[in-house]
Structures are given as C-alpha cells and as structure tokens.
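Working notes, beginning with the structure itself.
The values are calculated or read from the model by the stated rules, or taken from the named source; none is laboratory data. Just so it is clear, the model here is predicted, and its values are computed rather than measured. Cβ placement follows ideal geometry from the backbone for every residue including glycine, while neighbour counts extend to all protein chains displayed. What goes into the accessible areas is simple: the full protein's heavy atoms, side chains included, and nothing from ligands, DNA or RNA. Shrake-Rupley method; radii C 1.70, N 1.55, O 1.52, S 1.80 Å.
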Amino acid sequence: MVIAAPRAAARDEVPVLDLSRLDEAGGLESLAAELRQACLNLGFFYVAGHGVPETLHEGIFDVTRRYFALPLDERKKDLMDTRFKRGFMPHGLSHSPGYDPDLKESFELALDLPLDDPDVEKGRLLHGPNRWPADHPWLRATVEPYFRATMALGRRLLGVFAVSLDLDQEYFEPFCTKPMMHMRLFHYWPQPATDNDLLFGVRPHSDLGMLTILNQDPIGGLELRKRDGEWIGAPHIPGTFIVNIGDLFRTWTNDVYVSTPHRVINRTGRERYSVPTFFCLDYDTPVSCLPSCLAPGESPKYPTIKAGEYVESRLSQSYRDPDQLDAA
C-alpha cells in the first residue's frame, strides 16, 4: 500500500523558538518553558535567531550539492572507513533490520581529532580524524566552520534544556569538553510510487543521542509520528533549524522527555538534501535520572550508563561494513 502524504504540522504542534530572546530580560526562562512544552508534546521544534550566519546556513547546501554531483568513482576514493566511520557512505550501508536500505547516500564526519588523542588511541567510536577529499578542498572549507557553528548552537540549546528541567543553565557544560558530535551531508533520490512499505528515504526511527540539529532544504519530506500515532509533515521554514530530542533524554528525565519516531519520504520527484548534526555529550558522561525528574516515591526506570557506551551500542546496529557492498 502506498503511504499517503500527511498534513503539515501546525505551529502549536512544532513551534518556532526564537533564540534571540536569550538576550532579553526573562528570555531564558520563557524560552525554557516553551521548550519544555514542545518536548512534552512531540519533542520537535524549530529554532530561529540561532546565530549561525546565513552564509553557512545556506552555503552548506551549495557544497553538499556540488559534492554529490561528483562522479561516483570520485566519491568512492574517500569511502567510509570501518574504524572511524568518516567519509563517503554509498547507498546500502545505512540499514535497519526489517527494512530495505534507505534511499540516500551521505558524507560522514565528526569532531576532528588527531591519531594520538587518548580517546582515539582507546578506539572509541566517533573519535578520530575526518576523511576529507584531497582533490576537493572546498568541501572542508565550508563544512568545518558550519560544524563549529552547530556545535556552538548545540551548547546554547543545552543551556535552555537545563533550565527547562529546573537545573542551572550550565549543568551540561562540563560534559561538552569533547562532545560526541556526528554530522552527515545527505543526498536523497526521489522515492518511487510503490506499495513497498519497507522502502524509505530514512526508515522510521528515533535519534539516539541528546539532540539533533537539522538543516533541511525546501524539498521537505521529514515526517513525525505524534503520540496518537498520526504522521505529520515538518516542512522547511526558511532561516531555521529543526531540532529534536534523542533517546538519552529518556534516561535523564525518566521518560518525562521522550524522543519521537520520524522518517523521510521524498515524494517530490526531485533530489533532496539535508544536513543533520547529532549532538551528544562526552563519552564518559554518566547519564542517570535527574533528581528534578523523579517524583516522590518514584524510582529511576533506567540504569546509569556512559553516554559513549550507549551511542556505541546503538550505532553498531546501523552500519554495514563497506566490504559487504557489491556496489562499493
């Protein structure tokens, strides 16, 4: 059965939070209250006034389109390595049991660390050097400052999250010295009209870390599942990012903040591009129920776990080895 296109989300379902209000008296508290309501409702919201320059916010799409316009054999020179998970990920590497491979390809990067970094030497996932195309320096020249800008935005957002949970604004800051950030440049092909209900641009899933900061182009295709099971579209709003909470917030908040399943279906007949930044905390961050989220007489639902161990266990289920791909 062909999956019908959903209605667009209403503004009260996926609100727009203007971070420029953080500079106003009382702005932090009012934004934190709005963010809390957004997380209780759906766990998705847009951010405007985010401070990322327009040259980066829009320019990231120029280099993403340019990169994926390169011949496939050229992109395969920097095929994603199995150790550091950086570089070009062709179609077929991103998969989930029970679904067809996602209809997308990507370029993967994370926090750029030297080989002699102690966490790199320990072999920790998402710790290592990035794999930049040597013949195309323009990609790195734009992506690196964009990465830094979204990392700064993630830290600002965590301050608002902290206040929304009755914590000091700086509560999460000590856990952001070497955050497990992971960024992906995505290229989606148009999705054919089919009765294959196992085929998606991205299959239904929830994100695994703290929060995701998504920059999506005007094509759209992101769809969210409400608590009542209805799917709604999250259309492009110029100049904004769309942010969603990840699964680690369930442990932090004892299921007060619950991540929302979402998917991508590109019904437009056109190519789609998006750039998500997945923001997580330092590997050794102990994640456990916050006292402010524990009602009297209630016990934590989840055991304490290191942020990195949780992310590692989840990501190991998401990638195939490039050597397993006939196309690689």
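Details
- Which listed residue is of a type in the set (Phe, Trp, Tyr) and in a strand (DSSP E or B), from Phe186, Phe161, Phe200: Phe186
- Matching residues in region 1-25 - criterion: being assigned to a loop (DSSP other than H, G, I, E, B), open to solvent by 50 Å² or more (accessible area, probe 1.4 Å) and either closer than 16 Å to Gly43 by Cβ or not acidic (Asp, Glu) (or both): Met1, Val2, Ile3, Ala4, Ala5, Arg7, Arg11, Asp12, Ala25
- The residue that is surrounded by the most Cβ atoms within 10 Å (Cβ to Cβ), among those in region 126-171 that are among the basic types (Lys, Arg) and in contact (Cβ under 8 Å) with a residue 12 or more places away in the chain, is Arg131.
- Taken over region 291-305, the residue count meeting the criterion of being in contact with a Ser or Thr (Cβ under 8 Å, 6 or more places away or on another chain), open to solvent by less than 80 Å² (accessible area, probe 1.4 Å) and either under 28 Å from His182 (Cα atoms) or not in a loop (DSSP other than H, G, I, E, B) (or both) is 3.
- Inspection of region 85-97 identifies no residue that is buried (at least 20 other Cβ atoms within 10 Å of the Cβ), small (Gly, Ala, Ser), over 24 Å from Glu271 (Cα atoms) and in contact with a Lys or Arg (Cβ under 7 Å, 6 or more places away or on another chain).
- Only listed residue being modelled with pLDDT of 95 or more, in contact with an Asp or Glu (Cβ under 9 Å, 6 or more places away or on another chain) and surrounded by 21 or more Cβ atoms within 10 Å (Cβ to Cβ), chosen from Phe186, Phe175: Phe186
- Pick from region 265-288, criterion at pLDDT below 95 and of a type in the set (Val, Ile, Thr), ranking: least open to solvent (accessible area, probe 1.4 Å): Ile265
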